[in-house]
């Protein structure tokens, strides 16, 4: 199959998941177990870290700075913190998956040299395990919404419609950096810098409406902006998602996943020689 055929074979990434689902699940469990291996509290840390961040954000922005989001999202002290926490949840999932994928192939040289091993599973397992562990963020977010807004909305059930394109987009980028990390050992450092820049170029702790119009285009071109805004709509504000923007984000995510998968498959042939 030629390059063009690989690009348009959009079912290929999903066939990898189905075909290697048992192996993938084993690696996901291994990643989750290895995350807190040797620590006294184990998985409890997955609750402690985001809970501490939520408490700090609430104190700093709601009590010290007395910040408000600048729109009709509630005037309670914790409104700003919970809105920002929602953006942080999605961004941290993306950033952790991408940063962790930089060395996922390098850290498994014994698997690279096994001809029959499907290397595509390694970045996939990294993403799946991160998404599973990150459910804690949304549990805390849900409790924060109940405590701060004092209500629930049926639109919360639509959150998976936002997380699916986030997963696809994240996985596509992860395939790119996982491959580049083998050939260019400085990839992890470059990715860290880009992620820091992206953090400030994504409307996490400020609404995009306050950015002057002439400077908004980089933020609006950022797929994470669309996904974070839609996550806030369905989970915090009780609104239906903007189907047009969500559809655009989904198409972008599918394209990024496909390109990343093809890139990884094309470049993995030289992994063993480099390692």
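Derivation of every value follows stated rules applied to the coordinates shown; laboratory data play no part. Bear in mind that the values here come from a model prediction, so they are computed numbers and not experimental data. Here the Cβ is made from the backbone with ideal geometry for all residues, glycine too, and neighbour counts use every protein chain on show.
Using only the alpha-carbon atoms, how far is helix 223-235 inclined from the longest principal axis of the chain? Give it as 0 to 90 degrees, nearest 10.
The angle comes out at about 50 degrees.
Given Cα pairs under 8 Å that are at least 6 residues apart, what percent is the relative contact order of the stretch 12-269?
26 percent
With the crude spin-label approximation of a point 7 Å out along Cα→Cβ, what separation in nm comes out for residue 18 versus residue 197?
Placing both labels 7 Å beyond Cα along the Cβ direction yields 4.0 nm.
With springs only between Cα atoms under 10 Å apart, run a GNM on the chain and tell me which of 11, 188, 101 wobbles the most.
Top of the fluctuation ranking is 11.
For the chain, modelled as a GNM with alpha-carbon contacts under 10 angstrom, which of 250, 169, 200 fluctuates the most?
In the Gaussian network model the winner is 200.
So what's the angle, to the nearest 10 degrees on a 0 to 90 scale, between helix 45-57 and the longest Cα principal axis of the chain?
Helix 45-57 sits roughly 40 degrees off the main axis of the chain.
What is the extension gain from residue 190 to residue 9, computed as 0.36 nm multiplied by their sequence separation minus the C-alpha to C-alpha distance, in nm to one decimal?
62.1 nm
When each pair of different Cα atoms in the stretch 124-252 is counted once in the 1/r mean, what is the Kirkwood radius in angstroms, to one decimal?
Here the Kirkwood hydrodynamic radius works out to 16.3 Å.
Report the label-to-label distance for residue 135 and residue 153 in nanometres (one decimal), using points 7 Å from each Cα along the Cα→Cβ vector.
2.4 nm
Using only DSSP helix segments of four residues or longer, with each worth -39500 (n - 2.57), what per-residue ellipticity at 222 nm results for the chain after dividing by its residue count and rounding to 500?
-21000 deg cm²/dmol
Measuring from label point to label point, each 7 Å out along Cα→Cβ, what is the residue 213 to residue 245 span in nm?
It works out to 1.7 nm between the two label points.
Take the alpha-carbon centre of the stretch 133-188, take the same for the stretch 105-123, and report the distance between them in whole Å.
After rounding, the separation between the Cα centres reads 25 Å.
How would you rank 27, 261, going from fewest to most other Cβ atoms within 10 Å of each one's own Cβ?
27, 261
Which length gain, in nm to one decimal place, applies between residue 164 and residue 35 when the Cα-Cα distance is subtracted from 0.36 nm times their residue separation?
44.1 nm is the gain from fully extending residue 164 to residue 35.
How many percent of the alpha carbon pairs in the chain exceed a separation of 22 Å?
Counting every Cα pair in the chain, those more than 22 Å apart make up 60 percent.
Fully extended, how many nm does the chain gain between residue 59 and residue 113 (0.36 nm per residue separation, minus their Cα-Cα distance)?
14.3 nm
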